[in-house]
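Input: a single structure, listed below in structure tokens.
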Amino acid sequence: MSSRCGSGGVIPLLLAVAAAVTLRCHAHEAAFRSPSRSQTYGATRPTVTFVSTHPLHRTRSSLLKMADGDFGIPDSDNFGVDDDDEDDDDAIDPDSLGDWRAFRRNLAQSGIETPESSGAGTDDGSDEETKKSKVERKSVSKRNEALLEAQSEALAKEYKSGVWAHEAPNAEVGGLICRLPLEAEIHRNTEHSLMGQKLETRLSLDDGDGPSEYYGDDVASGDDGTGTQASEPLPLGASSPGVSFSPLAAQTVFWYRNAQSLIRSEMAKITAVAQDGQIDASQLSPEGSDMLNLYIDHQNTWQEVCLVLDRNEKIGISNAVVINRPMAFKATENLARLVMFGAFGVTKDDPLNIKSKELERFLIAFNKEIGLYVGGPDMMDRPAILVHGIAGLEGATEIAPGTGIYQGGLDAAVTGILQGQYKPLDFRFFVGRHCYDKGELDLAVHLGKYQPVACARSLSLKQCIALPKPLWHEVMELCGGELKEMSSLELSKRDDIQADPKVD
């Protein structure tokens, strides 16, 4: 896991921090954010007290909790420890449940009312908006579909026949976790973050009419970074043309813009204490230290979309790979060695030339095109992880029953490509991964850093190379609801993405 800035010592002032007043990041899937560009700090991460009564997400419906067994966050004293001897005896075999993912998906999209989703006592129209957001979406980007069709006709057919995605209460094998905007992290983490508490106070004391009218659009007004509100209120969506006009959109814009203004003002305070391009972290206030920690962590994982490969909830260990950070499009000899044998793998001590022959076959198979990605900052010296959707490939195993996502089987993959049975882009390679220990992934979800998402396998398996619409936005829009509104607000920060034609 990437380290974070502590409370003491002198640390370099990031260029990203100096430019934090704009909070814009013009990265694209075609130009990944390599580990060398991520700033690393040697100090320890901040301590977080775990409170079991805090909800995973305030927007999560009880419907999804019911479908997934309503697994909550354990008490801090027993986190990662199974103290119920009867649990093992009552364990349910997932295979006996049939296609439970499809069942849950149908529930999530059917709009069935539950005590939480029925909105008892609400009459602001948000319930109707929520129901509409649960209608199955078959596409959010025709240009992405066209690119997928050129890469894999079979996967494109599967995608176009009914791609889907929806929020999930917990990270699950075969599902995704999406890095949320910093504004959303602060908004969701009101118990453990000083910035979250400050935002909560700010929202409660807002002088305007709340979500019905947005005050202080400092993004559109050209604020100088001090967080000062605009002198005149701007109508909802004035600076965010992609945001819909609905009660849900109004509420999202309301807290998002307030969080954005808070981030600007706090970052301005941090940069103000810089001397000779450096910040003495010991001179920061507790709020300033909290803000800097949050900001650096967010920069290192900006808009990551990760596929969860394995997970052991009892001991809190999980592994995931980032699927939207392309590394290379053609295999060179050095890259082939890295993929096949790792950073320290050697082929010199190979008297029978076995490794050399394997390397040669790999280069022939993938010399024209390859889907190679930076999977994460951990274990980057290991051989790459191979992920695909080909059932029955020799040497491959399904990462979880019913997912249709497989790992391994490199020799058979190379043979199949050389024989014309498969295409190089039917496979994805990941150098590095995210390794979560001691419940770190659950903690990251709990603190509002990541949003778990269940989705069709076609969304996880497709290549993420020069996508017209970045994968992060595609996933968020397919989920609908508040996540879709977040995507629109994030898109309003960028001018390097061409808008898609309207999809019916």
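Just a few scattered comments:
- Convex hull of Cα atoms in segment 251-402, direction-averaged projection (nm²): 16.2 nm²
- Under-5 Å amide H pairs with L372, H placed in peptide plane, nonlocal only: M327, A328, F429
- Trypsin sites (Lys or Arg not before Pro) within segment 262-314: DSSP coil, no more than 12 neighbouring Cβ in 10 Å: K314
- Cα-based shape type of segment 343-446, given that a ≥ b ≥ c are square roots of the gyration tensor eigenvalues and the cut on a/c is 1.5: oblate
- Among the listed pairs K355/K438; K142/K368; K269/K438; K198/K462; K438/K462; K160/K355, those beyond 29 Å (Cα-Cα): K355/K438; K269/K438; K198/K462; K438/K462; K160/K355
- Ordered by solvent-accessible area of protein heavy atoms (1.4 Å probe), largest first, the residues S204, S261, S356 come out as S204, S356, S261.
- Pairwise centroid distance, computed over Cα atoms, of segment 269-291 with segment 395-455, Å: 40 Å
- Gain on full stretching of the segment that runs from Q275 to S139 - 0.36 nm per residue minus C-alpha separation: 44.0 nm
- Cα-Cα P(r), segment 395-504, percent of pairs per 5 Å interval: 2, 8, 13, 17, 19, 16, 11, 9, 4, 0
- Residues whose placed amide H lies under 5 Å from that of A168, excluding near-sequence neighbours: V453, A454
- Rolling a 1.4 Å probe over the protein chains gives S161 an accessible area of about 90 Å².
- From phi via Karplus (6.51, -1.76, 1.60), per-residue ³J(HN,Hα) for segment 285-295 in Hz, x at Gly/Pro: 6, x, 5, x, 5, 4, 5, 5, 4, 4, 5
- With only Cα atoms counted, segment 411-467 has Rg and Dmax values of 16.5, 48 Å.
- Unit charges at the beta carbon, dipole of segment 324-426: most positive-side option, P401, I417, N334: N334
- Largest to smallest accessible area among R494, R361, R179 [probe 1.4 Å]: R361, R494, R179
The values are calculated or read from the model by the stated rules, or taken from the named source; none is laboratory data. What you see is a predicted model; the values in this text were computed from it and never measured. Positions of Cβ are backbone-derived with ideal geometry, glycine not excepted, and every protein chain shown enters the neighbour counts. Heads up: the accessible areas ignore ligands, DNA and RNA and are worked out on the full protein's heavy atoms, side chains in. Shrake-Rupley method; radii C 1.70, N 1.55, O 1.52, S 1.80 Å.
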